Amino acid sequence: MAAEIHSRPQSSRPVLLNKIEGHSDGVNAAVLIPKEDGVITVSEDRYTRAGQPSFCLCPAPCSCISYHHESRRIFIGQDNGAVVEFLISEDFNKMNHVKTYPAHQNRVSDLIFSLESQWVISTGHDKSICWMSTQSGSMLGRHSFGSWASCLQYDSDTQHAFVGDHSGQITLLKLDEQTCSVITTLKGHEGSVGALYWDPVQRWLFSGASDNSVIMWDIGGRQGRTLLLQGHHEKVQALWYLPLTHQLVSCSADGGITVWNMETTREEAPQWLDSDSCQKCGQPFFWNIKQMWDSKTLGLRQHHCRKCGKAICGKCSSKRSTYPIMGFEFQVRMCDDCYDTIKEEDRTPLATFHEGKHNIAHMDMDPSRGLMVTCGSDRVVKVTHSCFISFVLVFYTKITKSKY
């Protein structure tokens with residue numbers, strides 16, 4: 001039987017399947033348990049919950065989690081800087097303490113367990129990344145940054161780590177047993193980086209930040225190609241890429257869920273140009289004292305056209321337009337010349353917008369079941385059937401039936 005694949009969602013709304021309440025403080029992370037009707041959550045109230053029957057009280061507020069289903073190992077980052085490892089029973093009724101790793105001097109912001117290297121890698125508000133052996137429990141290495149390390153992704157095959165920080169930078173490091181080397185630093189955000197997602201197949205890195213934007217970094221292309229995606233009104237705090245559908249899902253603090261079509265050909269946003277006067281009419285900007293004096297005119301405020309990047313005055317950029325092919329799903333400033341070149345079909349959206357209807361600080365997905373779980377500071381965990389990944393569910397179902 002042929003697989004029926006729909007390239008566009010058939011419904012505009014995620015369907016709420018379950019709403020989990022009862023946490024006494026903000027929920028920092030929630031992960032779906034594969035092949036089970038269960039969710040593991042960690043929260044500021046110090047509790048780790050795995051479904052209804054199993055819970056564990058930690059010594060400090062829980063900030064992040066990494067769960068490995070095959071080995072049933074749970075790693076929990078805490079506010080006091082420690083990482084705690086638990087082993088959960090097969091029926092999810094009991095959690096047994098295995099080790100405590102003294103990872104950081106301050107809150108653990110993110111962590112990842114790598115089965116291939118038997119490492120637990122974590123970042124913290126002590127401005128560092130560290131990697132520890134899960135076999136011996138010992139610290140293998142540490143690297144410090146200039147500001148809080150806020151989020152982390154790791155490529156197990158190459159042992160490369162991506163670390164987003166509070167200054168808006170992303171550092172790429174190569175981790176070894178005892179040392180590490182800095183490969184490069186990615187700069188593009190104007191606010192702190194709050195979320196990262198690494199796709200090891202396409203070798204794309206996605207980052208979301210407090211400047212309300214998402215950037216796709218084409219690491220594998222080695223050409224420095226980046227794509228700017230602007231479709232949120234609040235800071236972006238969660239990302240997930242769906243390779244089968246070529247879609248990126250991004251979630252923001254106001255509950256906004258944006259689904260980006262990454263299959264289409266997109267254009268890079270231009271670099272903003274510097275100038276002392278408007279590059280359209282030639283009028284001086286307010287810091288250009290000499291031209292203001294010579295022309296006996298008042299200086300103007302500088303703006304930039306989002307399509308061409310030129311420095312222009314307000315009079316020469318009175319128009320606003322969306323330009324989805326460059327990632328601008330909301331109306332942005334355009335110079336008059338660029339505005340006139342945009343056709344109506346150029347304004348066709350390349351993203352869809354949904355409402356999570358609660359603060360979203362963390363998100364996890366199970367594409368094979370079409371499920372998404374979100375959580376945040378409102379102490380609520382929501383499990384939804386997500387319309388934008390429902391066709392993956394159809395694909396998996398029909399392939400399974402055709403086998404038998």
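All of the numbers you see were taken from the coordinates with simple rules; none came from a lab. Model, not experiment: these values are computed from the prediction. A quick note on method: Cβ atoms are made from the backbone with ideal geometry, for glycine too, and the neighbour counts reach across all protein chains shown.
Summary table below
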{"quantity": "Ordering of 40-49, 139-148 by packing [mean C-beta count within 10 Å, highest first]", "calculated": "40-49, 139-148"}
{"quantity": "The stretch 171-268: projected area of the alpha-carbon convex hull, averaged over directions, in nm²", "calculated": "6.9"}
{"quantity": "At 0.692 mPa s and 37 °C, Stokes D of the stretch 196-235 from Kirkwood alpha-carbon radius, µm² per second", "calculated": "312"}
{"quantity": "HN-Hα J in Hz across the stretch 243-259 - Karplus 6.51, -1.76, 1.60, θ = phi - 60°, x for Gly and Pro", "calculated": "x, 5, 9, 6, 10, 10, 10, 10, 10, 10, 5, 8, x, x, 10, 10, 10"}
{"quantity": "Share of alpha-carbon pairs per 5 Å distance bin for the stretch 289-346, given as whole %", "calculated": "4, 19, 25, 18, 12, 9, 5, 5, 2, 0"}
{"quantity": "Computed magnitude of the charge dipole of the chain (debye, nearest 20; Cβ of K, R +1, Cβ of D, E -1)", "calculated": "620"}
{"quantity": "Under-5 Å amide H pairs with residue 333, H placed in peptide plane, nonlocal only", "calculated": "306"}
{"quantity": "Sorted peptide list for 81-88, 288-295, criterion being average Cβ within 10 angstrom, highest first", "calculated": "81-88, 288-295"}
{"quantity": "Within a Gaussian network of the chain (alpha carbon springs, distance under 10 Å), most fluctuating of 371, 239, 186", "calculated": "186"}
{"quantity": "Cα centroid of the stretch 276-310 to Cα centroid of the stretch 211-235, whole Å", "calculated": "29"}
{"quantity": "Set 357/382; 296/319; 280/307; 315/343; 280/319 screened for pairs whose C-alpha atoms are more than 18 Å apart", "calculated": "296/319; 315/343"}
{"quantity": "Pairwise FRET efficiency - residue 177 versus residue 336, Cβ, R0 = 60 Å, nearest 0.05", "calculated": "0.55"}
{"quantity": "Percent breakdown of C-alpha pair distances by 10 Å bin, ordered from the shortest bin, for the stretch 262-367", "calculated": "14, 33, 25, 17, 8, 2, 0"}
{"quantity": "Charge dipole (the stretch 289-346, unit charges on Cβ, about Cα centre) - positive-most of 328, 309, 339", "calculated": "309"}
{"quantity": "Kirkwood-based shape ratio for the chain, expressed as Rg/Rh from alpha carbons", "calculated": "1.02"}
